[in-house]
Amino acid sequence: MRRILLLLLLVEGLAACGFPAGAPIQSEILAEAEAKDPTFEVVEVSRANLPRVSGWPMTGWQGHYRWLTAGGGGPTNLIRAGDQVDLVIWDSQDNSLLTTPNTKATSMEGIVVSPGGSIFVPYVGAVVINGLSPDAARQVVQREIERIAPSAQVQLALTPGTTNSVDLVRGVNKPGPVPLPSRNYTILNLISAGGGISNQLRNPLVRLIRNGKTYEIRADTLLSDGTHNIAMRGGDKVTVEEDARYFVVAGATGDRIVDFEREHITAMEALSMAGGLSENRANPGGILVLRDYPASAVRPDGVGGPKLPQVVFTVDLTSADGLFSARAFEINPGDLVMVTEAPMVSVGQVIDLVSEGALVWNRLQ
């Protein structure tokens, strides 16, 4: 009698604990969708649905990185306010106003271009050289000086100031301001001058701030396509940072955070990056992608946006339609990719429990 009571207590305890599950079953997650007032929408990922879903607003980011088209300028810089100009004026006249006795040249170094774009030359006054190349500026100064010294000759050298420099902020081995030697100085020249991208960055992203606007491109894309190698402009600010986008994988594949290794990742690629499906646990017909949309994206008719802010996309990898669709359906940053557990796993747990109960019974006999 005591053995029977012990067996009953054991069975009752196991029943109270329930069957352990490593991942949820698809029907458990989607059960609420059949309620009168569901709190989320269920959308099947199929080739028929993809055109409609792809037109919905992006979540987690703007949907693509914005970058400029490559294009160069002239071989020299254009003079801007804040640059420094060095002048050397040669004059063979014995009584020249511009040179001292027994000398044929006079130097004026470190002349700062004023905010109005001019420099001051003695006996001449203000000479506007803003927006000119160094050679064109030399000719302008030459003409002005010839008015008081017809035989004078002018040499001009330019040192770029802050308006003709680029700030390489971080993400490289040697950050700091970089003077632009010409208008053909490209972003790859700039990164090279900074010692290259730091090897401590995962999935580096190059960010450019120009005229109050921000542009971004993945470093691997920049390095692989010359059309993205844009010319720098004075005042540009460049940073190299890690691509912060990620998605979460949970369920029968294990729980992990996965970084975006490319600009765009499909559902099939996401599963591969997560290590694939466990053949003993995962339900290939029950792949779920959970996504939150802002309230502004909700559309009552489901055209141009979801009907509810929270959406569960279902992916069935057991059909050709589902496989093709998974190769085209894009994962957004912040998505949760849930791999549900196959129903047979629970059946196996029941069998294991019955077998364990039988062993206990035999020991009690």
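The values are calculated or read from the model by the stated rules, or taken from the named source; none is laboratory data. All figures in this text were calculated on a predicted structure; none of them were measured in a lab. No Cβ is skipped: glycine too gets one built from the backbone with ideal geometry, and neighbour counts run over all protein chains shown.
Residues in region 224-241 that are under 14 Å from Glu263 (Cβ atoms) and out of contact with any Phe, Trp or Tyr (no Cβ under 7 Å at 6 or more places or on another chain): Ser224, Asp225. Would you call Gly234 assigned to a loop (DSSP other than H, G, I, E, B), crowded, with 17+ Cβ neighbours inside 10 Å, small (Gly, Ala, Ser) and over 17 Å from the mean Cα position of the chain (by Cα)? Here the answer is yes, as Gly234 does meet what is asked.
If you go through region 223-239 and keep only what is touching a residue at least 40 places away in the same chain (Cβ under 8 Å) and within 19 Å of Lys174 (Cβ to Cβ), you end up with Met232, Asp236, Lys237, Val238, Thr239.
Identify, please: which residue in region 112-141 is of a type in the set (Gly, Ala, Ser) and crowded, with 17+ Cβ neighbours inside 10 Å and is, among those, nearest to the chain's Cα centre (by Cα)? It comes out as Ser133.
Within region 313-357, being modelled with pLDDT under 50 and among the hydrophobic types (A, V, I, L, M, F, W, C) holds for Val345, Val347, Val350, Ile351, Leu353, Val354. Residue by residue through region 313-328, note down the ones that are touching a Pro at 6+ places or on another chain (Cβ under 8 Å) and of a type in the set (Gly, Ala, Ser). The answer is none; no residue qualifies. Examine region 55-68 for a residue that is more than 30 Å from His228 (Cα to Cα) and in contact with a Pro (Cβ under 8 Å, 6 or more places away or on another chain), and state whether such a residue exists. No, that holds for no residue. In summary, strands (runs of 3 or more DSSP E) completely within region 142-222 and bearing 3 or more residues that are under 16 Å from the mean Cα position of the chain (by Cα) occur at 204-210, 213-218. With respect to the conditions (1) at pLDDT below 95; (2) small (Gly, Ala, Ser); (3) crowded, with 21+ Cβ neighbours inside 10 Å, Gly171 lacks only one, and its number is (1). Checking Val128, Val53, Val124 one by one, the residue that is touching a residue at least 24 places away in the same chain (Cβ under 8 Å) and assigned by TED's automatic domain parsing to the domain that holds Gln155 is Val124 and no other.
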